[in-house]
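Data first, discussion second: the structure below is written as structure tokens.
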Amino acid sequence: MKRDLIRFGVIFALTAFFSVLSVFVAEMADVLNMRHKYLPVSFETRGEDLILSWAPLEYPCVYKVETLSKTTGLVSGSPEYFLLTSDEVSAPEYVVPRAPIPTFYRISARGIFTEIFRSDRITANPNFPAPPRPIPVFHYTKKNPASATPFLVWHTVPNAVCYELELLSAPPEIEGGTEPSKYHHLESTRKIFTNGCQVDLRKYSSPVYWRARALGLHWEPIGEFSIAEPIYVNASLPMPDAPLANDFDFISFKPQPIYPVYSWIPTFGAAKFQVELYDSSGEMLWSKITADQSSCYDDYARPYAGAYYWHVRALDENDNPVSAWSASEKLTVEDYTGGVTAAIFGDSISHGGGAVSYSPRSLEYSYATYVDFPIINLSRSGDISRTSLERFARDVLPFKPKNLIISTGANSLRDASITAESIIDDLAQLETLCRKNDIRPIFLTLMPINPANIKYAFRTETDPHWREKQQRVNDFIRQREFFIDIEPYFYDSAGEMDRKFSIDGIHPDLRGKMLIGEIINQHRNLFRSVAKK
């Protein structure tokens, strides 16, 4: 009996071994020709999500989907595509991560032992048509009618400063284009500075048609009008009575800066908005009233790990509530108590945002998004070099970064009361503080600015001696042990910030932020504890 059990055990072990070996050989030798398969892909919208699906492989596997963006092509040695994020799924479909920039997808598959499929085919996100036009998020059909005051929301058009919304009594004579309808126009507005708004349809018969187009700094069209869609109205439905927390196109696979920004789609007729922030126990931590119609900057850093919740309501000119509170939105702060490899420290250029209307909440306008190693953002909008220095101990030391990218002083260039010597002194003190705390300081040179665009965008003057100040500061930076020289990439023929990188003359937009990230990636050898590629 014992001998039979031993024999059975040996046979079972050998069978299992040869089964595993056969699977290993099959995967390594690609006997099923998996690596040469072609997987047709398709996209489908489900609610607010875009679903990528493909034909499954005839073999047990886990699929990896990589989300990519195109690089600028301006930095020698950079690849054609940058990996934004990747995920593994067992089923042959994938909820596309929200990212309001043109994105691309690549699918591979892993068997039990090794990769069994990798396609060189890269598929583009269909929500970024050429020429650009907004793609609606909400659809109000006969089966899903709107109230009389619905929110209209669309996918963000990259680098749009604002949007024009047109309401029509019937479909336009010609779809798309840049001209308003001649015969069916009801009303329009250009004062929309985010990817949606609330409209009042109580004076119109259902259905009303709507379409939107993106505009630049000088109201010039960026692409075409969206395809006109009907809004079927059921007047008996309750009308929205609160702003709509805006989480439609925001990147969620990268960490927010420690100084957060809160965003919403505004209710019509409000003069101001009030934001409140709570911790997970329900205790209110902070409240602020802002005249901004779609975003609010937190006055304080949020470095402590955990879940926070915020909501917003509309106010009149006297700060009286004219709406209910919005639904609460969650803000998650990761745990960094063990220290971090790298951090970014600076002003609004590093905090994020761009194209005038985008705040640091829009991570596509943060160069941290395009750095190919983990990094956190300790920057704060509005800083001059002195205020960056003053908050170093409070905002940097708790994170114990091994490396600190320092990019501050751009606002100091604009200010005629601030000298180059004072900026240099602030940077020198930051360098000393870093070394005292075993932090490697890695300076970015200051980019050029464009005073005419700054004045048009912000109605503020620029120090006429900004060039001399910039040169003296950058000469100092280039004498540091660790620095990255980004300045030469950003000039136009007049020796100012090139408009193709910055609409407002100082804050780089999408292409500019991508470019900074790519330049940093080419200097990863400067960073301690960052693996070489």
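Structure data summary
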item	result
Largest-first ellipsoid semi-axes for the range 336-533, taking √(5λ) over the Cα gyration tensor eigenvalues, angstrom	25, 19, 15
Alpha carbon convex hull of the range 393-433, volume per residue in cubic angstrom	78
Estimated translational D of the range 408-472 in µm²/s (Stokes, Kirkwood radius over Cα pairs; 25 °C; 0.890 mPa s)	189
Theoretical ellipticity at 222 nm over the chain - DSSP helices of four or more residues, -39500 (n - 2.57) apiece, nearest 500	-5500 deg cm²/dmol
Scattering profile of the range 124-260 at q = 0.16 Å⁻¹ [log10 I(q)/I(0), Debye over alpha-carbon scatterers]	-0.85
Rounded if a/c under 1.5, otherwise prolate or oblate - the range 34-124, Cα gyration tensor axes	oblate
Value of Rg/Rh across the range 266-305 [Cα atoms, Kirkwood radius]	1.04
Subset of LYS288/LYS513; LYS191/LYS500; LYS70/LYS143 violating a 32 Å alpha-carbon distance limit	LYS70/LYS143
Kirkwood Rh and Cα Rg combined as Rg over Rh, evaluated for the range 310-358	1.15
Furthest towards positive pole of dipole, ASN403, GLN429, ALA457, structure part the range 340-469, Cβ charges	ASN403
Set LYS182/LYS203; LYS182/LYS272; LYS254/LYS400 screened for pairs whose C-alpha atoms are more than 28 Å apart	LYS182/LYS272
Set of aspartates and glutamates near LYS330 by C-alpha distance (under 13 Å), chain-local residues within fewer than 8 positions excluded	ASP247, GLU276, ASP279
Cα Rg, Dmax (largest Cα-Cα span) when computed across the range 308-432, Å	17.5, 51
Amide H partners (placed H, <5 Å) of GLY177, local residues excluded	PHE225
Chymotrypsin sites (Phe, Trp or Tyr not before Pro) within the range 133-196: DSSP coil, no more than 13 neighbouring Cβ in 10 Å	TYR183
Selection from SER69, VAL96, SER42 lying farthest towards where the dipole of the range 34-124 points positive, charges on Cβ	SER69
Descending Cα extents along the principal axes, the chain, whole Å	92, 68, 52
Exposure proxy ranking, count of Cβ atoms within 10 Å, fewest first, for THR462, THR337, THR45	THR337, THR45, THR462
Per-residue Cβ neighbour rank within 10 angstrom, fewest leading, LYS288, LYS513, LYS469	LYS288, LYS469, LYS513
Relative exposure of ARG528, ARG440, judged by other C-beta atoms within 10 Å (fewest first)	ARG528, ARG440
Gyration tensor verdict on the range 472-533 (Cα atoms; rounded if a/c is under 1.5, prolate if a/b is larger than b/c, oblate otherwise)	oblate
Inter-part distance where the range 452-484 and the range 319-366 are each reduced to a Cα centre, Å	25
Alpha-carbon centroid distance for the pair the range 388-408 / the range 48-67, whole angstrom	41
The range 241-335: Rg to Rh, with Rh as the Kirkwood radius over Cα pairs	0.96
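Read the figures in this text as sums done on the coordinates, not as results from a lab. As the structure is a prediction and not an experimental result, all values here were calculated from the model. We place every Cβ from the backbone using ideal geometry, glycine too, and count neighbours over all the protein chains shown.
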